[in-house]
1. Confirm whether PRO42 is loosely packed, with under 10 Cβ neighbours inside 10 Å and part of a loop (DSSP other than H, G, I, E, B).
2. Select from the stretch 1-42 the residues that are small (Gly, Ala, Ser) and at pLDDT 95 or above and list them in ascending order.
3. In the stretch 50-70, which residues are exposed (fewer than 10 other Cβ atoms within 10 Å of the Cβ) and under 16 Å from the mean Cα position of the chain (by Cα)?
4. Is it the case, given these coordinates, that ILE47 is in contact with a Ser or Thr (Cβ under 6 Å, 6 or more places away or on another chain), free of Cβ contacts under 8 Å to residues at least 60 places away in the same chain and not polar (S, T, N, Q)?
5. Kindly provide the set of residues from the stretch 1-39 that are free of Cβ contacts under 8 Å to residues at least 12 places away in the same chain, more than 15 Å from the chain's Cα centre (by Cα) and either surrounded by 15 or more Cβ atoms within 10 Å (Cβ to Cβ) or under 30 Å from PRO79 (Cβ atoms) (or both), ordered by number.
Amino acid sequence: MTLILFLIRLYEIILIIRIVMSWMQVDPYHSVTRFVYNVTEPVLEPIRRVLPANRIGIDFSPLVVFILIAILRRILFPPAYF
């Protein structure tokens, strides 16, 4: 169980790195950049295809992924109510 939570948290951190990298000019051929894009793009790209295009040019797919991760975490590890 803790391994699953660790992997979910690690993916969230990588996704945050991806978001920050999108605000900066990074070398697309650097190994870290390629790793981050290779890990996140298979999840983000299908969501981008489903989301309607917006006029302001903001990519909302990471937000959707964070919401889906929160739902997944809630399903896998429901809070204990006393």
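1. On the way: loosely packed, with under 10 Cβ neighbours inside 10 Å: yes; part of a loop (DSSP other than H, G, I, E, B): no.
No, not satisfied.
2. Within the stretch 1-42, the first condition is being small (Gly, Ala, Ser), and the residues that meet it are 22, 31.
Listed by number, the list holds a single entry, SER31.
3. Here is the first cut: in the stretch 50-70, the ones exposed (fewer than 10 other Cβ atoms within 10 Å of the Cβ) are 50, 52-58.
Of everything in the stretch 50-70, those that are exposed (fewer than 10 other Cβ atoms within 10 Å of the Cβ) and under 16 Å from the mean Cα position of the chain (by Cα) turn out to be VAL50, ILE58.
4. Details: in contact with a Ser or Thr (Cβ under 6 Å, 6 or more places away or on another chain): yes; free of Cβ contacts under 8 Å to residues at least 60 places away in the same chain: yes; not polar (S, T, N, Q): yes.
So ILE47 passes the test.
5. THR2, LEU3
The values are calculated or read from the model by the stated rules, or taken from the named source; none is laboratory data. Remember, it's a predicted structure, so these values are computed and weren't measured experimentally. All Cβ positions, glycine included, derive from the backbone under ideal geometry; neighbour counts span all protein chains shown.
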